[in-house]
Amino acid sequence: MGQLYDDNNIFAKILRGEIPSHKLYEDADTYAFMDVMPQGKGHCLAITKSPYRNILDATPDSLAAMIATTQKLARAVKAAFDADGVTVMQFNEPASGQTVFHLHFHVVPRFEGVALKPHTGQMEDNAVLAANAEKIRVALSQIR
Ligand code: 5GP
């Protein structure tokens, strides 16, 4: 049997509006927002609205919804920052590097010659996150 879902994880609190987030996108099954400790400019996250811990307990349908939102974010961040590429990451259980136990995909715009910063490193300035979020929202409104 796998590990249990904990309702008090930080992303569950974000979904309930108990903790603020820079919202980018939302549909019936998913929610997207800025990562507060970005590994690169424009690092954002897609999460499920349903309470899944990670890919190990999620349903195929919920994963399909997640990957659709992840693709939207990938296209939007590439356009928003004129990125050369996009890295998508997803971690399952502590041994893999997962630190928040609510299913999520990381989407990070990439630039030639620029390495990723450490995972869960430094907090970004709120004004920078807000400005980057606005650029991504504009790009999301302009792409299919
Ligand atoms: P994981 O290690 O579980 O794959 O990634 C969790 C991610 O959530 C990390 O990239 C971390 O920076 C981000 N994160 C942790 N706490 C918060 C928070 O309170 N708000 C937001 N927006 N992101 C968070």
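Across the chain, the volume of the C-alpha convex hull divided among the residues equals 108 Å³ per residue. Computed log10 I(q)/I(0) for the range 38-112 at 0.15, 0.22, 0.23 Å⁻¹: -0.50, -0.95, -1.00, from the Debye equation with unit scatterers placed on every C-alpha and solvent omitted.
What percentage of the solvent-accessible surface of the range 10-143, computed with a 1.4 Å probe over protein heavy atoms, is contributed by carbon and sulfur atoms? Please report the intermediate quantities before stating the final value.
Working: 3740 of 6670 Å².
Roughly 56 percent, rounded to a whole number.
What accessible area per residue comes out for the range 10-143, rounded to a whole number of Å², with a 1.4 Å probe? Computed with neighbouring chains in place, this is 50 Å² per residue. Over the chain, DSSP H runs of length four or greater, each weighted -39,500 (n - 2.57), average out per residue to a 222 nm ellipticity of -10000 deg cm²/dmol.
The values are calculated or read from the model by the stated rules, or taken from the named source; none is laboratory data. Since the model is a prediction, treat every value here as computed from it, not as a measurement. Please note that ligands, DNA and RNA were not included when accessible areas were found on the heavy atoms of the full protein model with its side chains. Shrake-Rupley method; radii C 1.70, N 1.55, O 1.52, S 1.80 Å.
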